[in-house]
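The values are calculated or read from the model by the stated rules, or taken from the named source; none is laboratory data. Predicted model, so just to flag it, every value in this text is computed and none were measured. As a convention, Cβ positions derive from the backbone with ideal geometry for all residues, glycine included, and neighbour counts pool all protein chains shown. Note: areas computed on protein heavy atoms with side chains; ligands, DNA, RNA excluded. Shrake-Rupley method; radii C 1.70, N 1.55, O 1.52, S 1.80 Å.
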Amino acid sequence: MISFHIMTLFPEMVTQGLGTSIIGRGIERGFVGIDAVNIRDYAFNKHHSVDDYTYGGGAGMLMQAEPVFECYQAILREIRENGNDSPVRCVYLTPQGRVFDQRLAYELAKEEDLILLCGHYEGIDERVLEEIVTDHVSIGDYVLTGGELAAMVVCDAVARLVPGVLNNEASSDMETFKDGLLEYPQYTRPEVWHGKKVPEILLSGHHENVEKWRREQSLLRTRERRPDLLK
Ligand code: ADE
């Protein structure tokens, strides 16, 4: 069981995005918890605004420290009330972070609770980031309009590694990146499609040869498509 606590200005984006398919089923079955918390609920002024101009000038607005901090504290209080007294990681989604990969997904999947912070506008006041963030994480070298899509990517990749979320325990074991290689090609019926036949060896029933062929295909494919992974 893992609980994701997502701090965002657009909670419905996250809950809708993660509520379907395999992760949705994981939520229904109690293997995954999604707690999307609206930072605006912690706005301290009567207009419920959470952003303001940037000191020193420049275009755009910045999210203020206090609502983010209050939201974080409320989440942490709830985590403690639910009996987790271990340190809780707070992941800030930002293009300035460590690039997310399968290794980090495995690492985060060991946590019981995970707090994810989504920025919007031009970002968040640095002072609150200094106080609460344990991990700066990017999902790639491009800039999104906010952290929500990135948080959803992280939640999806981490949640599917939590025992019980995938029906077939083997299926997260065998796949792409597990041993640093891309997955081999796969085929299902019919045996011939558009004149293309399924590789003979897969019909042979010879388990050892099949494994050997798959390993070779993984290596070939990785060399061709992602040579950087072999270094
Ligand atoms: N927010 C905006 N762009 C991002 C990215 N590439 N990764 C994570 N969070 C982001």
Single residue of Ile22, Ile6, Ile27 found to be out of contact with any strand residue (DSSP E or B) (no Cβ under 9 Å at 6 or more places or on another chain), of a type in the set (A, V, I, L, M) and within 30 Å of Phe177 (Cα to Cα): Ile22
Within region 119-158, residues in contact with a Gly (Cβ under 7 Å, 6 or more places away or on another chain), near the ligand (Cβ under 8 Å from one of its atoms) and either among the charged types (D, E, K, R) or not in a loop (DSSP other than H, G, I, E, B) (or both) come out as Val137, Ser138
Tell me, please, whether a residue that is in a helix (DSSP H, G or I), surrounded by fewer than 20 Cβ atoms within 10 Å (Cβ to Cβ) and in contact with a strand residue (DSSP E or B) (Cβ under 9 Å, 6 or more places away or on another chain) can be found in region 47-64. no
In this structure, is Ala109 touching a residue at least 12 places away in the same chain (Cβ under 8 Å) and more than 9 Å from the ligand (Cβ to nearest atom)? yes
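Using the structure shown, decide if Gln217 is within 24 Å of Asp101 (Cβ to Cβ) and open to solvent by 80 Å² or more (accessible area, probe 1.4 Å).
Working: within 24 Å of Asp101 (Cβ to Cβ): yes; open to solvent by 80 Å² or more (accessible area, probe 1.4 Å): no.
No.
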May I ask you to say which residue of Leu114, Leu229, Leu161 is touching a residue at least 40 places away in the same chain (Cβ under 8 Å) and under 16 Å from Thr8 (Cβ atoms)? Leu114
Consider Val32 against the criteria (1) open to solvent by less than 30 Å² (accessible area, probe 1.4 Å); (2) of a type in the set (A, V, I, L, M, F, W, C); (3) free of Cβ contacts under 8 Å to residues at least 12 places away in the same chain: it satisfies all of them except one. Which criterion is unmet? (3)
Taking the criterion of being open to solvent by less than 90 Å² (accessible area, probe 1.4 Å), among the polar types (S, T, N, Q) and within 16 Å of the ligand (Cβ to nearest atom), would at least one residue in region 162-173 satisfy it? no
